[in-house]
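Trainee: Sharing a structure with you now.
The values are calculated or read from the model by the stated rules, or taken from the named source; none is laboratory data. Treat the numbers as computed from the prediction; the structure is a model and nothing was measured. Reconstructed Cβ throughout: ideal geometry from the backbone, glycine too, with neighbour counts over all protein chains shown.
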Amino acid sequence: TSFGFKEVDKEEKEGMVREVFLKVAPTYDLMNDIMSAGVHRIWKDSIVSKLGVFPGMIHVDVAGGTGDIGFRSLSALRAAETSARDSSFHAPNVGPKPGRIIICDINSHMLVEGKRRAAHLDLTNSTDRQGNRLATINFKEGNAENLPLDDGSVDLYTIVFGLRNVTDTLAALKDARRVLKPGGKLICMEFSSVRNESLRTFYEAYSFGVIPLMGELIAQDERSYQYLVESIRMFPRQVELEEIMREAGFKCVAHENLTGGVVALHSGFRI
Ligand code: SAM
């Protein structure tokens, strides 16, 4: 079975996606804020409570771009590890090994931007002022369809506003399952389909009319933003994506809608 972008061939889509994110990398964060009126931050914040962070966790954020999800997860993970350490009788650094966040993206320009932000936010230290080891963050270039990670090596896999850019959705989900440990969790956040008719009318007018225009005005790049909007329209709807997750071998698959289905959060487990 092939899902999404059926009429564009694989190489063409990969080349197109690469070019889009290469061009938008420097203005990517600013554009997100402007186009979603800051709402993407609320969507991304809402994922943190779903991550199920625990001390020593290994989390890969695929299509992690400039680090929005990875940085949120790192803060939650460090907080969990600090409180576990403070409430234990162990001497410093005797407890479990600190966890690790891996931000993986196919586009090195997005990762460069992410590394710059991590340094700026002072997230790159591996010890705190008292000398305690901290969870770390690393950046890795790689394709979601063929991740540079070992089988059964991560506790949590997230992909946020990334899956619709991947050429073969099913292949990416199968590879997600491969890298997860048994019991590991997948979370996907992606634009989805709006049920309510008035909200849908407004949303379509906004995305097809306003977004490419803003792309042109702010980033001087209407075509890239046109692509983003079209890729949203082509992506499988809520229940279709659940089906593809099951086909990839995920269990306990579920989704919840945010903002009336503008965005959906899918989850599943490797059992
Ligand atoms: N997750 C980040 C966020 O929410 O801000 C970035 C989302 S951005 C819309 C999509 C990202 O997917 C880009 O950084 C792009 O380079 C990456 N990407 C596209 N195709 C990919 C693939 N096959 N494998 C890994 N990353 C990919």
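Trainee: Looking at the structure I just gave you, is Arg178 under 19 Å from the mean Cα position of the chain (by Cα) and over 26 Å from His59 (Cβ atoms)?
Mentor: no
Trainee: If I ask for residues that are small (Gly, Ala, Ser) and surrounded by 20 or more Cβ atoms within 10 Å (Cβ to Cβ), which ones from the stretch 37-66 would you list?
Mentor: If the condition is that a residue be small (Gly, Ala, Ser) and surrounded by 20 or more Cβ atoms within 10 Å (Cβ to Cβ), then Ala63, Gly64, Gly65 are the ones that fit.
Trainee: Moving to a separate point now. The conditions are (1) closer than 30 Å to Arg18 by Cβ; (2) without any contact (Cβ under 8 Å) to a residue 60 or more places away in the chain, and Arg78 fails exactly one of them. Which is it?
Mentor: (1)
Trainee: Picking from Val48, Val62, which residue would you name as being in contact with a Cys (Cβ under 6 Å, 6 or more places away or on another chain) and modelled with pLDDT of 80 or more?
Mentor: Answer to the selection: Val62.
Trainee: Continuing with this model, one more query. How many residues, within the stretch 18-29, are touching a Leu at 6+ places or on another chain (Cβ under 9 Å) and away from the ligand (no atom under 12 Å from the Cβ)?
Mentor: Here the count works out to 0.
Trainee: Answer yes if at least one residue in the stretch 88-110 is within 26 Å of the chain's Cα centre (by Cα), among the aliphatic types (A, V, I, L, M), at pLDDT below 95 and on the phi < 0 side of the Ramachandran plot, and no otherwise.
Mentor: Yes - at least one qualifying residue is present in the stretch 88-110.
Trainee: In the set Ile34, Ile69, which member is buried (at least 23 other Cβ atoms within 10 Å of the Cβ), touching a residue at least 60 places away in the same chain (Cβ under 8 Å) and closer than 28 Å to Leu217 by Cα?
Mentor: Answer to the check: Ile69.
Trainee: Filter the stretch 183-209 down to residues that are under 24 Å from Asp45 (Cβ atoms), in contact with a helix residue (DSSP H, G or I) (Cβ under 8 Å, 6 or more places away or on another chain) and outside any strand (DSSP E or B), then give me how many there are.
Mentor: Qualifying residue count for the region: 7.
Trainee: Can I ask one more? Is it true that some residue in the stretch 149-163 is within 16 Å of the ligand (Cβ to nearest atom) and either basic (Lys, Arg) or without any contact (Cβ under 8 Å) to a residue 40 or more places away in the chain (or both)?
Mentor: Among the residues of the stretch 149-163, not one is within 16 Å of the ligand (Cβ to nearest atom) and either basic (Lys, Arg) or without any contact (Cβ under 8 Å) to a residue 40 or more places away in the chain (or both), which makes the answer no.
Trainee: Among the numbered criteria (1) modelled with pLDDT of 95 or more; (2) touching an Asp or Glu at 6+ places or on another chain (Cβ under 7 Å), which single criterion is violated by Lys185?
Mentor: Every condition holds for Lys185 apart from (2).
Trainee: One residue is enough: does the stretch 197-214 have a residue meeting the conditions within 16 Å of the ligand (Cβ to nearest atom), touching a residue at least 40 places away in the same chain (Cβ under 8 Å) and over 22 Å from the mean Cα position of the chain (by Cα)?
Mentor: Within the stretch 197-214 (the criterion being within 16 Å of the ligand (Cβ to nearest atom), touching a residue at least 40 places away in the same chain (Cβ under 8 Å) and over 22 Å from the mean Cα position of the chain (by Cα)), the answer is yes, since at least one residue qualifies.
Trainee: Would you check if Val166 is away from the ligand (no atom under 11 Å from the Cβ) and crowded, with 21+ Cβ neighbours inside 10 Å?
Mentor: In short, no.
Trainee: Just checking, which of Ala205, Ala254, Ala171 is aliphatic (A, V, I, L, M), out of contact with any Ser or Thr (no Cβ under 9 Å at 6 or more places or on another chain) and within 27 Å of Phe71 (Cα to Cα)?
Mentor: None of the other options fit; the residue is Ala171.
Trainee: Within the bounds of the stretch 2-15, is there any residue that is modelled with pLDDT under 85 and touching a Lys or Arg at 6+ places or on another chain (Cβ under 9 Å)?
Mentor: yes
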